[in-house]
Structures are given as structure tokens and as C-alpha cells.
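The values are calculated or read from the model by the stated rules, or taken from the named source; none is laboratory data. None of these values were measured; they are calculated from a predicted model. Here the Cβ positions follow ideal geometry from the backbone for every residue, glycine too, while neighbour counts run over all protein chains shown. Keep in mind that these areas ignore ligands, DNA and RNA; they rest on the heavy atoms of the full protein, side chains included. Shrake-Rupley method; radii C 1.70, N 1.55, O 1.52, S 1.80 Å.
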Amino acid sequence: MWLVSFMAERKQKTNRNKNLEKIASIASILLLILAWYLGGLRTNNSQTQFFQHISTAGSELVEVSPNLYQLVSADGDKAQAKWVSFGSGVGYGGELSVGAVFTPSGEVETISLLSSKETSSYFDKVVEEKLPENLLGQRVKTSLHVDAVTGATLTSEAYITAVDQAADPVREALYGYRLSEQASALSYFKWLDAAALVFFALAVWVNRTRSEHKVKFNIAILGGSTILFGFHSASLYSASIMGGAIYGSWISGVANYTPFILLALSIGYILYYNRNIYCESLCPFGAVQKCLAKVGNAKSSPIRNELFIWFPRVLLLVTLCLGAYFRSPAAFVYEPFGIAFGMIGGMYLFVLTVMIILTSLVVRRPWCQSLCPVNAMTDFLVFNKNWFKQSRAKKSKARRPMKQDKE
């Protein structure tokens with residue numbers, strides 16, 4: 001009797017948990033849709049604010065062409081009118097746009113960032129290294145150029161491209177030619193993207209092989225992935241990459257498609273095999289935690305609490321909703337990857353990274369067990385896949401008696 005009662009109680013608890021997860025799954029999707037809708041209602045008046053900022057009393061803004069204006073002073077002397085234009089560039093996290101003011105002779109006078117989907121920590125580094133100031137005073141007769149900031153190369157190039165694109169209408173008005181060209185999304189695919197495909201294929205092979213050297217092969221792939229996608233390029237996918245994939249920021253182009261490719265391949269594998277191969281064989285930060293665990297002879301965490309299941313799910317949902325509302329998934333980064341592989345990020349990320357590194361010496365993979373958004377994504381995909389399959393099976397089962405009755 002005791003065993004029957006225990007099994008019945010356990011089944012009831014399992015059903016309650018499943019119902020809770022169903023409600024949470026539906027609510028998550030609805031919240032994401034709502035956040036995206038409300039974000040669309042927010043008017044982007046950055047261009048209007050920029051016009052107000054550069055205008056002086058009595059001055060007039062005259063449209064010369066769709067992307068070129070002249071700021072005419074109160075005396076109406078067009079020979080001394082400044083040029084105003086806009087441009088955009090594609091960085092690590094997505095597109096950024098700028099507004100720029102040029103002198104009558106074609107020198108860069110003012111640059112203002114109007115919008116950005118770029119990771120804030122990378123852009124902060126660009127500002128700290130005074131890259132925008134180094135562009136001021138350059139003439140538009142030739143392409144604008146300054147050295148990229150180390151550790152934020154893609155963001156630097158995106159900013160320079162945006163200003164140079166803004167300079168092009170002025171260049172045409174003054175000298176009769178343009179220099180910058182609009183790059184297509186396909187032009188951003190690099191050798192690193194092909195490497196991601198190769199490494200993922202190798203990871204699949206290793207996880208499905210029965211070779212006696214399976215563990216050694218997996219260590220080799222994990223080591224190569226850490227060097228290539230970690231320290232070399234910091235191409236780990238994160239909550240911001242998930243948000244960018246959901247909301248389509250990659251459509252307008254991103255400077256690094258590698259994390260999007262790894263994310264897409266991981267999702268496909270999870271949906272087909274119910275396994276997260278990325279964390280097992282490719283995640284650079286997971287590899288770093290494994291190495292630290294070896295050094296400190298770390299033990300598995302003795303804590304088993306539902307908090308460590310639900311908290312990362314809620315954190316990921318909040319991050320995705322904020323990214324959808326503000327149309328900038330990369331602005332809400334909470335992963336320590338930038339600090340760990342490039343020393344780029346705010347103080348809170350630095351403190352978090354140090355805490356994780358120290359904890360990794362005592363507890364195995366503390367980030368993976370507590371805050372990692374990949375686990376939350378995996379749970380969501382597997383649960384909804386199984387729910388869908390069970391629903392189809394029930395419908396199919398319900399149809400069979402009806403067919404038999406008809407016969």
C-alpha cells in the first residue's frame with residue numbers, strides 16, 4: 001500500500017510539474033510577442049533629436065537629397081552652410097547608425113551615435129580609445145580611416161564604415177564621386193563560419209562514434225574550439241545571439257555570423273536527438289571550467305534545487321524581452337565570455353567572471369549548473385518538442401476508434 005501511495009503521489013507531482021511547464025512555455029512565447037509589439041510602438045526620434053542638437057537659433061535645415069541636408073545659418077549664406085548626413089555600419093552584434101556634421105569644405109565636424117544593436121561593452125571600448133575623436137577633422141575627399149581598437153576590431157570597423165557612409169553624399173556633392181559601397185549580407189561570411197561547420201560535424205561524429213579513443217577526440221575538439229571560437233574570436237553564442245536570431249537582427253547583416261551558425265546547428269541537433277552537443281564538445285567557457293576543475297580537484301555540486309532550473313530560465317526570458325522591447329538584444333549581456341576571452345565588459349561582468357573562475361576550482365562547471373542560458377534554451381526546446389509529439393500521438397490514438405466504428 002505504501003509503495004502504491006508513493007507512486008501515485010509521485011505521478012501527481014510529475015503531472016503538476018508538466019502542467020506548470022506548459023503554462024510557463026505558453027506564457028514565455030506570449031511575453032516575447034508582447035515585448036516585441038510594445039517595442040514597435042516606441043517611436044525612434046533619435047534623428048529628430050540630432051537635428052535639434054546641431055541646430056542653432058535662426059538656422060534652417062534644408063534637404064538636398066534623401067540622405068543629405070544643409071544647415072543654413074540665419075543670414076542665409078549657403079556658401080557657408082554645413083553638411084548633415086547619416087550612415088550605418090555592421091558590427092559584432094548588429095547594425096549601428098550615426099549622424100554626422102561636415103564643414104562647408106568637407107571636414108568631419110561632429111559625429112553622434114543614433115542607434116546601435118552592438119554589444120555595449122565593445123562600443124564602450126571604442127569610445128574609451130577615442131576613435132570617434134580621431135575621425136574629427138578628416139576630409140571626405142578620400143575614405144576616412146583610423147586604426148581599429150584592439151579587442152573591438154569589428155565595432156571599430158562598423159563605426160568607421162558608418163561615418164564614411166555618411167560622408168559619401170557630401171563627397172558626391174563636393175567632388176562628384178562616391179567611395180563606399182553597400183555590402184551584402186553574404187559578404188560577411190568568413191572562414192571562421194566554415195570552421196564552425198567543420199567543428200560541429202566533428203563533434204557530432206565523436207559523440208556518435210564507438211571508438212576507444214572517443215574521450216581523447218572530444219578533448220581535442222574542445223581544445224581547438226576553445227582556441228578558435230574562444231580566445232581567437234570570442235564567437236560563443238549567448239542570450240543576445242538567441243535574441244538576435246529570434247528577432248532577425250542577422251538579416252540586416254552582422255560582422256560575425258559564427259555564433260549564429262553554431263546556435264542554428266545546436267538547435268537542429270537538440271530537436272533531432274534531444275541532446276545539447278554544443279555544451280558537451282564545443283563550448284569554450286565550459287572547457288575553461290573543466291580545466292580549472294582539474295587543477296583544483298573540484299567536486300560536483302551537492303546542491304540540487306529547482307532554483308537552479310528556473311532562475312536561468314527566468315533570467316533568459318527577461319533578457320530576451322528587454323532585447324525585443326528596446327530592439328537591441330546585445331545591450332543586455334550577462335554572460336562572462338567577453339571578460340574571459342577578451343577582457344571586455346563592465347565591472348559587474350568582471351566580478352562575475354572572477355567569482356566563476358574561483359568557484360570552478362571547487363565546484364565543477366558552476367556557470368553551466370547555475371546561470372547558463374544554453375541549458376534553459378535546451379529545456380525549452382526539448383519540452384515543447386515532446387509536448388508536440390505527445391499531442392499528435394493522442395490525436396492519432398483518438399482517431400483510431402472512430403475509424404474502427406465506421407468500419
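Considering each residue of segment 99-111 in turn, at least one proves to be closer than 29 Å to M347 by Cβ and either of a type in the set (A, V, I, L, M) or part of a loop (DSSP other than H, G, I, E, B) (or both).
Look through segment 180-196, keep the residues that are over 15 Å from G91 (Cα atoms) and either open to solvent by less than 80 Å² (accessible area, probe 1.4 Å) or part of a helix (DSSP H, G or I) (or both), and return whichever of them is modelled with the lowest pLDDT. Within segment 180-196, the match that is modelled with the lowest pLDDT is S180.
In the set V90, V108, only one residue is modelled with pLDDT of 85 or more, farther than 30 Å from F388 by Cβ and not basic (K, R); that residue is V108. The single condition among (1) in a loop (DSSP other than H, G, I, E, B); (2) open to solvent by less than 50 Å² (accessible area, probe 1.4 Å) that R327 does not satisfy is (2).
Scanning segment 76-98 for residues that are in a strand (DSSP E or B) and of a type in the set (D, E, K, R) turns up K82, E95.
If I go through segment 66-80 residue by residue, how many of them are under 21 Å from L144 (Cβ atoms) and modelled with pLDDT of 85 or more? Adding up the residues that qualify gives 4. Could you list, in sequence order, all residues of segment 332-389 that are open to solvent by 60 Å² or more (accessible area, probe 1.4 Å) and among the basic types (K, R)? Scanning segment 332-389 gives R364, K389. The residues on offer are Y334, Y325, and the sole one that is closer than 22 Å to G230 by Cβ, hydroxyl-bearing (S, T, Y) and touching a residue at least 60 places away in the same chain (Cβ under 8 Å) is Y334.
Checking the stated criteria, L144 turns out to be within 19 Å of N67 (Cβ to Cβ), open to solvent by less than 40 Å² (accessible area, probe 1.4 Å) and out of contact with any Lys or Arg (no Cβ under 8 Å at 6 or more places or on another chain). The one condition from (1) modelled with pLDDT of 90 or more; (2) out of contact with any strand residue (DSSP E or B) (no Cβ under 6 Å at 6 or more places or on another chain); (3) not small (G, A, S) that L136 does not meet is (2). From the set of residues in segment 67-95 that are surrounded by fewer than 23 Cβ atoms within 10 Å (Cβ to Cβ) and either of a type in the set (A, V, I, L, M) or in contact with a Lys or Arg (Cβ under 8 Å, 6 or more places away or on another chain) (or both), which is farthest from E157 (Cα to Cα)? Filtering first and then ranking leaves A74.
For segment 322-330, indicate whether the set of residues that are hydrophobic (A, V, I, L, M, F, W, C) and at pLDDT 90 or above is non-empty. Looking for residues that are hydrophobic (A, V, I, L, M, F, W, C) and at pLDDT 90 or above, one finds at least one in segment 322-330, hence yes. Criterion applied to L236, L174, L202 was being crowded, with 22+ Cβ neighbours inside 10 Å and in contact with a Gly (Cβ under 9 Å, 6 or more places away or on another chain), and the one residue passing it is L236.
Scanning segment 264-308 for residues that are farther than 15 Å from G223 by Cβ, open to solvent by less than 40 Å² (accessible area, probe 1.4 Å) and in a loop (DSSP other than H, G, I, E, B), we see that the one that is modelled with the lowest pLDDT is S301.
For segment 151-166, does any single residue satisfy the condition of being modelled with pLDDT under 85 and among the β-branched types (V, I, T)?
Checked segment 151-166: at least one residue is modelled with pLDDT under 85 and among the β-branched types (V, I, T).
Scanning segment 261-284 for residues that are hydrophobic (A, V, I, L, M, F, W, C) and touching a Gly at 6+ places or on another chain (Cβ under 7 Å) yields a count of 1.
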